[in-house]
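Okay, structure first, notes after.
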Amino acid sequence: MAIPQKRICLSPPHMSGYEQEYVSDAFASNWIAPLGPHVDAFEAGIAKYVGSGAAAALCSGTAAIHLALKCAGVRRGDWVFCSSLTFAASANPILYEGALPVFVDSEPQSWNMSPVALEKAFLDAKRKARLPRAVIVVNLYGQSADMDPILTLCADYGATVIEDAAESLGATYKGNASGTLGKFGMFSFNGNKIITTSGGGMLISDDVEAINKARFWATQARDPARHYQHSEIGYNYRLSNIAAAIGRGQLCVLPDRIKKRRKIFAHYYSELARFAGVEFMPEAAYGQSNRWLTTLTIDPDIAKLTVNDLMDALADEEIESRPVWKPLHLQPIFADYPYYTHGVGESVSDRLFENGICLPSGSSLTETEQGRVIQVIKDCLEHRDKEQVGFFYGSNGGNSHWLNKEAVLGATSTN
Ligand SMILES: *Cc1c(COP(=O)(O)O)cnc(C)c1O
């Protein structure tokens, strides 16, 4: 019997110890409810870290995107452009407002919004007289999109830029913090992000008035009166003082977390990049990624291995991995909306989804654990071409399986 191995998760929360001190302070003052001094200090801390004029702490990153759209004046029937290769939360708030999404492909250099595809989308929208009110640009897996050409296009066509920087807190673009390039930016502190509050988000902008308006909407849109009076639809979107206390502790160690995630990437790269058919997500020369998740693609024709096979092999060894985001234009709920590709008849995001995989990248990952992950991947890559004997094994009532030799003769040790 093999000794059960500790499960390796993709990106688990990583507490520093400082969080508990801030949380204890919140308990000592009985400041448990929403809002409070830790919320104010967390907002100020993030604003200072990224260099933005104002910040509003919210209960999720999704709420931040929703309020950014409202701040941008998006209304029912408006069009909003959005990166296709992303999590559904980037685009769901467009539908909350009754607006209509248009999806934009990635470019191969950064995996983020292609300025070429964006221009196609604008030209077509102009012809059809349905220019978008806003454009949501996603900074995938910790890397900024190529913002300059995107900002120029959006300025030319009069669209407000919202940066979904949920995954890219601490990354840079030409020396500026990711999330601060657009009119609005947002971060997520969901449990799997580079820092977490157990759940939470932050809306940022240099427009102090807009951020104040977002705070108003986020606290049930209560008009200034003694009694409860409302002239607008409000939301219960604010962050609790306890969650903000955790966030303050996490913010203390953000630079360490970035350093560690980049080191994890570098280690995977040094061990695996030499294999034919393996391509890591590139780091564009214009900035620094926080390497939130190490992601790579495997060309099945060259490597003789699909990402699905690799995910199965990793799962067998109690290692969590994940496909690259399924592009939103391929999602059933968004299937009816327009999509513009980077190449002619060729979708970059489709290919990244088909061949992409995210590896365990949490900042608490030990070298031994990472060694385990690397060994499984190496075993798969080294043995596939030579050892895929694929003899037919078993024939019990249709439950037959194709197995490779190792699976039959006993799995290789990964310790
Ligand atoms: C996590 C994430 C969100 C949503 O953030 P929540 O805090 O989970 O609501 C939005 N966009 C992207 C790209 C994300 O990764």
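The values are calculated or read from the model by the stated rules, or taken from the named source; none is laboratory data. Predicted model, so just to flag it, every value in this text is computed and none were measured. So basically every Cβ, Gly included, is an ideal-geometry build from the backbone, and we count neighbours across all protein chains shown. Calculation scope for accessible area: heavy atoms of the full protein, side chains included, ligands and nucleic acids excluded. Shrake-Rupley method; radii C 1.70, N 1.55, O 1.52, S 1.80 Å.
Annotation: Leu118 fulfils all but one of (1) crowded, with 24+ Cβ neighbours inside 10 Å; (2) away from the ligand (no atom under 16 Å from the Cβ); (3) under 23 Å from Ser188 (Cα atoms); the unmet one is (3). On inspection, Lys304 qualifies as crowded, with 17+ Cβ neighbours inside 10 Å and more than 20 Å from the chain's Cα centre (by Cα). Just one of the numbered conditions (1) open to solvent by 50 Å² or more (accessible area, probe 1.4 Å); (2) outside any helix (DSSP H, G or I); (3) not charged (D, E, K, R) is not true of Thr295: (1).
Considering region 41-64, and only residues there that are farther than 19 Å from Glu167 by Cβ and in contact with a Leu (Cβ under 6 Å, 6 or more places away or on another chain), the residue that is nearest to the ligand (Cβ to nearest atom) turns out to be Ala56. Annotation: Asn355 fulfils all but one of (1) modelled with pLDDT of 95 or more; (2) on the phi > 0 side of the Ramachandran plot; (3) not hydroxyl-bearing (Ser, Thr, Tyr); the unmet one is (2).
For Pro300, the criteria (1) modelled with pLDDT of 95 or more; (2) assigned by TED's automatic domain parsing to the domain that holds Lys183 hold in every case but one, which is (2). Looking at Ser106, Ser168, just one residue is over 26 Å from Tyr49 (Cα atoms) and small (Gly, Ala, Ser), and that residue is Ser106.
Of the residues contained in region 222-244, one or more are found to be within 14 Å of the ligand (Cβ to nearest atom), surrounded by 24 or more Cβ atoms within 10 Å (Cβ to Cβ), in the same structural domain as Lys70 (by TED's automatic domain parsing) and aromatic (Phe, Trp, Tyr).
Restricting the search to region 71-89, which residues are more than 16 Å from the ligand (Cβ to nearest atom) and either surrounded by fewer than 20 Cβ atoms within 10 Å (Cβ to Cβ) or under 30 Å from Arg322 (Cα atoms) (or both)? Correct list: Gly73, Arg75, Arg76, Gly77, Asp78. Among strands (runs of 3 or more DSSP E) entirely within region 1-114, having at least 1 residues that are on the phi < 0 side of the Ramachandran plot and among the β-branched types (Val, Ile, Thr) singles out 79-83, 100-104.
Name the single residue, out of those in region 1-22 being at pLDDT 95 or above and among the aliphatic types (A, V, I, L, M), that is surrounded by the fewest Cβ atoms within 10 Å (Cβ to Cβ). That would be Met15. Candidates Leu131, Leu123, Leu35: the one that is modelled with pLDDT under 95, surrounded by fewer than 20 Cβ atoms within 10 Å (Cβ to Cβ) and of a type in the set (A, V, I, L, M) is Leu35. Identification of strands (runs of 3 or more DSSP E) wholly contained in region 140-219 with 1 or more residues that are more than 10 Å from the ligand (Cβ to nearest atom) and surrounded by fewer than 24 Cβ atoms within 10 Å (Cβ to Cβ) yields 160-164. Per the listing Ser110, Ser114, the residue uniquely within 15 Å of the chain's Cα centre (by Cα) and closer than 21 Å to Ser347 by Cα is Ser110. Looking only at residues of region 368-379 that are open to solvent by 20 Å² or more (accessible area, probe 1.4 Å) and in contact (Cβ under 8 Å) with a residue 24 or more places away in the chain, we find that the one that is farthest from Glu279 (Cα to Cα) is Glu369. In the condition set (1) within 24 Å of the chain's Cα centre (by Cα); (2) in a helix (DSSP H, G or I); (3) among the polar types (S, T, N, Q), Thr368 is compliant with all but (1). Among residues of region 61-80 that are basic (Lys, Arg), those with a Cβ under 8 angstrom from a residue that is assigned to a loop (DSSP other than H, G, I, E, B), sequence gap 6+ or separate chain, pair up as Lys70/Glu97; Arg75/Glu97; Arg75/Gly98; Arg75/Ala99; Arg75/Arg133; Arg76/Glu97; Arg76/Gly98; Arg76/Ala99. Considering only residues that are open to solvent by 10 Å² or more (accessible area, probe 1.4 Å) and over 19 Å from Ser178 (Cα atoms), look in region 96-107 and name the one that is farthest from the chain's Cα centre (by Cα). Taking the candidates together, the pick is Gly98. In region 29-56, the residues that are among the hydroxyl-bearing types (Ser, Thr, Tyr) form Cβ pairs under 9 Å with partners that are in a loop (DSSP other than H, G, I, E, B), at six or more places apart or across chains, as follows: Ser29/Gly36; Tyr49/Leu169; Tyr49/Gly170; Ser52/Gly179; Ser52/Thr180; Ser52/Asp206.
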